[in-house]
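The values are calculated or read from the model by the stated rules, or taken from the named source; none is laboratory data. Since we're looking at a predicted model, the values are computed, not measured. Positions of Cβ are backbone-derived with ideal geometry, glycine not excepted, and every protein chain shown enters the neighbour counts. For accessibility, only protein heavy atoms count, side chains too; no ligands or nucleic acids. Shrake-Rupley method; radii C 1.70, N 1.55, O 1.52, S 1.80 Å.
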Amino acid sequence: MVQTTREYIKEVFAVELLIMVARTVLLYVVVLIIFRVMGKREIGELSILDLVVFIMIAEMAVMAIENPKDPLLYSILPMLTLLIIQIGLAIWSLKSNRMRNFIDGKPSIIIENGKINEHEMKRQRYNFNDLLVQLRDKNIKNVADVEFAILESSGRLSVFEKDQQSGKKGNLNLPFIIDGIIQEEHLLHEHKTTEWLKTELEKLGYSNLDKVSYCSYDNGKFFIDLVDVKQ
């Protein structure tokens, strides 16, 4: 009787292990498919939305593995719901510049023309230790060698060093139009107006700004990319 009981316990334990392994493999495939559907993005470039969704999906997968008695549907359904929400917001952000800024945030200029913007650093709760650490990561020893430093929405610092040979001031080359929408903040930063932009583009034959997917201005020259025409 004792032997039979032990064998029964071993069989139950083995079945539970097999179920746990099967659930792990299945959830691994489900999570992998979900992340692939979400699109390719580097870990350091994840938006807050991406990060929240990834953490929640990972937590649901762990709970599903730890609780083999709960139906898998209880975990897979919320995962698919998060996937739909993430894709929906991503599509919305493609069509709405305001939504894109809300989800991904906007880059912040920390150093401009060699001058540190302390007000922006305080607004982003970004201190000098953070700045120096990220500059050292880019093999820059002296802040005086930096002409522009931009804190990206991902938290990564983009750095442009001064051109010691020419001695000329550089230009951030901020885009004036993205997805047909005029970036008024960028125009203001370059001391330009919307009227000026429209006039200059009309001279070049671009009267309909909705067809302009990207427009930048550098050293008196425009770079213009039109919206792809669907075949």
Restricting attention to the range 110-129, which residues are open to solvent by less than 80 Å² (accessible area, probe 1.4 Å), part of a helix (DSSP H, G or I) and acidic (Asp, Glu)? 120
Considering only the range 71-109, how many residues are open to solvent by less than 80 Å² (accessible area, probe 1.4 Å), over 15 Å from the mean Cα position of the chain (by Cα) and either of a type in the set (S, T, N, Q) or over 23 Å from residue 157 (Cα atoms) (or both)? 12
Only residues that are surrounded by 11 or more Cβ atoms within 10 Å (Cβ to Cβ) and part of a loop (DSSP other than H, G, I, E, B): list them for the range 170-203, please. 170, 171, 172, 173, 174, 179, 180, 183, 190, 192, 193
Only one of 142, 171 is among the polar types (S, T, N, Q), in contact with a helix residue (DSSP H, G or I) (Cβ under 9 Å, 6 or more places away or on another chain) and closer than 25 Å to residue 118 by Cβ; which? 142
Would you be able to say whether some residue in the range 134-152 is out of contact with any His (no Cβ under 9 Å at 6 or more places or on another chain), part of a loop (DSSP other than H, G, I, E, B) and under 29 Å from residue 227 (Cβ atoms)? yes
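Among the listed residues 138, 198, 211, identify the single one that is more than 30 Å from residue 92 (Cβ to Cβ) and not β-branched (Val, Ile, Thr).
Result: 138 is the single residue among 138, 198, 211 that is more than 30 Å from residue 92 (Cβ to Cβ) and not β-branched (Val, Ile, Thr).
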The correct count of residues that are within 24 Å of the chain's Cα centre (by Cα) and either loosely packed, with under 14 Cβ neighbours inside 10 Å or of a type in the set (Gly, Ala, Ser) (or both) in the range 130-156 is 9
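Here is a list: 58, 64. Which entry is aliphatic (A, V, I, L, M), assigned to a helix (DSSP H, G or I), at pLDDT 85 or above and surrounded by fewer than 16 Cβ atoms within 10 Å (Cβ to Cβ)?
The unique qualifying residue is 58.
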